[in-house]
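Here the structure comes first, spelled out in structure tokens, and everything after it is commentary.
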Amino acid sequence: MAATTGSSISMRSRLATSRISGVKLASLSSQGRSSLSFQLRPLPSRLQISCAAKPETVDKVCKIVKKQLALPEDSLVAGDSKFAELGADSLDTVEIVMGLEEEFGISVEEDSAQTIATVQDAADLIEKLIENNGA
């Protein structure tokens, strides 16, 4: 008997139980035989491209976020900090974007601004815009 749950497969027989983790796809067949054979084929993973902004850009964004949200100087704001988790509402996010535009001398389109959820997102977008303006 074979059972799948999430990303693992459990195989049970009278003799032993085997467990294989991290399986994306399994093909099971008996083909009229008394023994069961199976083949595991991993699915192709998604291609992910990440652009890591310079640390000094991330630091500047952190300072601007702290200032715009009136956070205490000792509060922890890092690249993975989400604006919503820091207490920002949609108006705060608009003000953060305006502060970033002023500090970096850039213009952020509305559709791009709506994709910013974290400090890292903002820093990556800033560097992309600066690079595009310089090209």
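Would you list, by chain and number, the aspartates and glutamates whose Cα falls below 13 Å from the Cα of Lys66, excluding same-chain residues fewer than 8 positions away? Cross-link targets: Asp74, Glu85, Asp92, Glu95.
If I compute solvent accessible area with a 1.4 Å probe over the protein chains, what percent of it on region 65-135 is carbon and sulfur?
Carbon-and-sulfur percentage of accessible area, whole number: 49.
The calculated P(r) of region 65-135, using every Cα pair and 5 Å bins from 0, goes 3, 16, 29, 27, 15, 6, 2, 0 in percent.
The modelled label-to-label distance between Gln114 and Lys128, using points 7 Å beyond Cα along the C-beta direction, is 1.5 nm.
The values are calculated or read from the model by the stated rules, or taken from the named source; none is laboratory data. Predicted model only: the values in this text are computed from it and were never measured. Reconstructed Cβ throughout: ideal geometry from the backbone, glycine too, with neighbour counts over all protein chains shown. Ligands, DNA and RNA are excluded from the accessible area calculation, which covers all protein heavy atoms including side chains. Shrake-Rupley method; radii C 1.70, N 1.55, O 1.52, S 1.80 Å.
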